[in-house]
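Each remark here refers to the structure printed beneath this line.
The values are calculated or read from the model by the stated rules, or taken from the named source; none is laboratory data. Since we're looking at a predicted model, the values are computed, not measured. All Cβ positions, glycine included, derive from the backbone under ideal geometry; neighbour counts span all protein chains shown. Areas reflect the complete protein model, heavy atoms only, side chains present, ligands, DNA and RNA absent. Shrake-Rupley method; radii C 1.70, N 1.55, O 1.52, S 1.80 Å.
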Amino acid sequence: MEIIDFVVVVVLVAIAVVLCILPTTIQQWWANHLSFDHFGIRTIKRRHDQTDTLGNFILFACLVFCCLYWQLQDSFMVIYTVLFGISFVLLMGQTYRISSTYPKKKQNSLILAIFIMSAIAYCSAIGLWNGHQILKDLPVFQQSLQKHATSSFFYYVRHYEWASVILSGLTMFYTFYLIWAQFKYMRLEDTFKADTLIFFWIKVIFVSILSIGLGYGGYVLIAFAYYL
């Protein structure tokens with residue numbers, strides 16, 4: 001593990017502690033000002049249902065970023081971190097809102113579940129599990145584009161960087177989906193996305209395994225396919 005990775009882990013642990021010990025007044029301010037109330041919630045009369053147009057729009061914007069991030073060269077990781085950070089802050093606004101009446105232990109358990117899901121997803125997207133492979137592969141892929149090498153079928157057989165770029169974009173979008181799916185559900189249902197907190201933790205463990213699978217296992221498959 002590199003020094004920067006160790007710093008990231010330490011910062012994440014510190015954030016988890018802070019989120020759990022925040023005074024109730026700050027939690028209430030967070031919930032009131034960063035949960036958007038009913039803004040963007042639209043009623044679909046023919047289905048007798050509601051949809052979160054705001055959440056859907058932001059998720060679509062995140063999808064566009066994940067499809068085009070490779071054009072941003074070295075700055076894409078900073079932009080991703082900012083976008084993910086904002087997404088997480090907004091999700092925590094919803095978390096504090098729906099858990100304001102919970103007993104402290106139950107609230108902290110929900111906060112930790114949301115945080116662990118988000119933190120593992122973020123670490124997967126930035127490449128903490130695979131040695132930040134995308135930072136090595138993206139410049140090579142961009143050079144291939146400049147040389148028009150990608151127009152040849154044999155490029156995709158001989159080079160793996162294009163698969164790394166796609167995998168990285170898919171992993172980043174998966175992290176955004178996890179955040180905004182929870183955000184939309186909490187807004188529309190006023191509760192977390194499970195019948196009980198125990199089942200929610202089971203879901204968190206499952207989606208976290210998928211995050212690691214994309215961030216680590218995906219590159220293992222690429223290495224196996226290309227005999228790296």
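Once the Cα atoms of helix 197-212 and of the chain are each reduced to a long axis, what angle between those two axes, in degrees from 0 to 90 to the nearest 10, is obtained? Rounded to the nearest ten degrees, it is 10. Ranking F173, F183 from most to least accessible surface, computed with a 1.4 Å probe over the protein chains only, gives F173, F183. Shape of region 64-162 from the C-alpha gyration tensor: prolate (a/c of 1.5 or more and a/b above b/c, with a ≥ b ≥ c the square roots of its eigenvalues).
Can you give the FRET efficiency to the nearest 0.05 for K136 and I116, using r as the Cβ-Cβ distance and R₀ = 41 Å? Using R0 = 41 Å, I get an efficiency of 0.90. Given R0 = 30 Å, the distance between the Cβ atoms of L145 and A225 translates into a calculated FRET efficiency of 0.90.
Distance from the alpha carbon centroid of region 159-228 to that of region 103-131 works out to 12 angstrom. Applying 1/(1 + (r/R0)^6) with r as the Cβ-Cβ distance of Q50 and I26 and R0 = 22 angstrom yields a FRET efficiency of 0.15. If you run the Gaussian network model on the chain, springs between alpha carbon atoms under 10 Å, then out of R187, R97, R46 the most flexible one is R46.
Between Y174, Y155, Y96, the residue with the greatest mean-square fluctuation in the GNM of the chain (Cα pairs under 10 Å linked by springs) is Y155. For the chain, the solvent-accessible area of protein heavy atoms averages 56 Å² per residue (probe radius 1.4 Å; ligands and nucleic acids excluded). Remark: region 79-228 is approximated by an ellipsoid whose semi-axes, taken from the C-alpha gyration tensor as √(5λ), come to 37, 15, 11 Å, largest first.
The slack between V18 and E189, meaning 0.36 nm per residue of separation minus the straight C-alpha distance, is 58.9 nm. For the chain, the longest principal axis of the Cα atoms and the long axis of helix 53-68 meet at an angle of about 20 degrees. Ranked by solvent-accessible area (1.4 Å probe, protein heavy atoms only, all chains present), the residues Y177, Y80 order from largest to smallest as Y177, Y80. The simple spin-label model puts a point 7 Å past each Cα toward its Cβ; for K104 and T196 those points are separated by 2.5 nm.
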